[in-house]
1. Fewest to most neighbouring Cβ within 10 Å: what's the order for 233, 392?
2. When the Kirkwood hydrodynamic radius is evaluated over all pairs of different C-alpha atoms of region 125-234, what value in angstrom, to one decimal, is obtained?
3. Please provide three numbers in whole Å: the alpha-carbon extents of region 380-422 along the principal axes, with the largest listed first.
4. Evaluate 2.2 N^0.38 Å with N set to the residue count of region 190-321, then give the Cα radius of gyration divided by it.
5. Nearest 10 degrees, 0 to 90: what angle lies between the long axis of helix 47-66 and the longest principal axis of the chain (Cα atoms)?
6. Over region 120-170, with a single point scatterer placed on each C-alpha, what log10 of the ratio I(q)/I(0) does the Debye formula yield at q = 0.12, 0.26 1/Å?
7. What does the convex hull of the Cα atoms of region 1-91 come to per residue, in Å³, rounded to a whole number?
8. When the Debye formula is applied to the Cα atoms of region 73-172, each taken as the same point scatterer, what base-10 log of I(q)/I(0) results at q = 0.21 Å⁻¹?
Amino acid sequence: MSGHESTYEPKTGIEKWLDSRLPIIRLAHDSFVDFPTPKNLNYWYTFGGILAICLAVQIITGVVLAMHYTADIDQAFGSVERIMRDVPYGWLIRNIHMVGASMFFLAVYVHMFRGLYYGSYKAPREVLWLLGCIIYLLMMATAFLGYMLPWGQMSLHGANVIINLFGAIPLVGEPIQSWLMGGPSVGNQTLQRFFSLHYLLPFMIAGVVILHIWALHVPGNNNPTGVEVQDVEKDTVPFHPYYTVKDGFAIVVFLIIFAVFVFYAPNVLGHADNYIEANPLVTPAHIVPEWYLLPFYAILRAITFNIGPMDAKLLGVIAMFGAIAVLFLLPWLDTSKVKSMRYRPVAKQFFFGFVIACLLLGWCGASNPDNAIIPMGSDKLVVSYTDSAGLEGQRTFEDYAPAAQFRDEQVTAGGVASLAIQKAPAFTFKHLSQILTAYYFAFFLLILPVLGLRERPKGEPDSIHLSILGHDAPAAAPAE
């Protein structure tokens, strides 16, 4: 916390000399050893430390992989295979890096949902939340750039899809698209600049993480009650050893799960088409990004209508980026004075609905938008014909054999006939995506602002230590 007085005392001559010139040991001690931390933090708060480990793992393994990778469209795929087959322990380094990206996003999603639930974005932690959103945005960019580097089928065609989206932006879209591609189409120049940016961005993420930790240490940690520290002696404990042990245990459990994927199922979270070398002449049947970007891909595809001069493609791009931009506005959209949804029963229900909506959006993003979820009838065969007398008509059949026979009869009689499949109406993934997209934006732009003014919250405890002791909270605040 900003008012926390340093308790560090240098003991050796070297420590005293360094402390008087560059008090880096004092900074580490005050930030990670003696920092007063609320007593009631649960295991959902351990994902901050887990994310720090994930970032370190990704940077270290990424630097090693970069030593053997060749950013050239003729050699990129082969260099990745060489890493897997010929470089000592290259298979392990690449599997750690590849699975690490998924585990990184898994941890960051848990971290963000925890922040949403406990109101960690509210004053005085708005800057902390904004820096976290910037980290998330940089992570998405880094992951997209890295997805192209193996130069598989999904790398090439996925990059084509995403880069072409920028072309839908008025005025600046085409220059941005050309700059990203480095030429008229995705090719060698695109791969080289993507590799360069993919190498650079993790270090930018590390820089913003330092700011994120700094912004955390000014107001101090939020906690499950949402109540600020009233008495440092009663409400807090030193970060070490209490939370270093707790975080350490959570990190070990997380790394065990990490290792299971690395050694037993390294490819289960990826796409099989990316193990086929990129071929611009063959397009995969279904182009999808990695799982952690699927909800936003579903939002992009959910917009299939035009509004005035704005076509569906532009509206889809606006919706996709708007889904991320709205996170930056959250501290000012939620009008409730109560931070934690533990004491907001109605908001809690909508929050769990929001989590389910995000999971279902991921399911929609991985599925063909035209596939039926709930069929509302069976497909029919329709024969459209013009008989020898010039009369037009249509006949519907349940089976192919009589439909084909009728078509042939019309042709034999001197008429014209064609056979087509009439799709039965159905509730498809596209319809589900549209409903879930509407709920996603309604949660931030409508539900949270209105509930903050109208909801009757439960009573909060007067202090953190009283909540731990199980003392009853005061009566619920009156509705405003």
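Nothing in this text is a laboratory measurement; each read-out follows from the coordinates by a stated rule. On a predicted model such as this, the values are computed, not experimentally measured, just so you know. Cβ atoms come from the backbone with ideal geometry, glycine included; neighbour counts cover every protein chain shown.
1. Lowest count first: 233, 392.
2. Working: mean 1/r = 0.0605 Å⁻¹.
With all distinct Cα pairs of region 125-234 included, I get 16.5 Å.
3. 27, 16, 10
4. Ratio of Cα Rg to 2.2 N^0.38 Å: 1.61.
5. 70 degrees
6. One equal scatterer on each Cα of region 120-170 leads to -0.43, -0.92.
7. Hull volume normalised by residue count: 207 Å³.
8. With one equal scatterer per Cα and no solvent, log10 I(q)/I(0) is -1.10.
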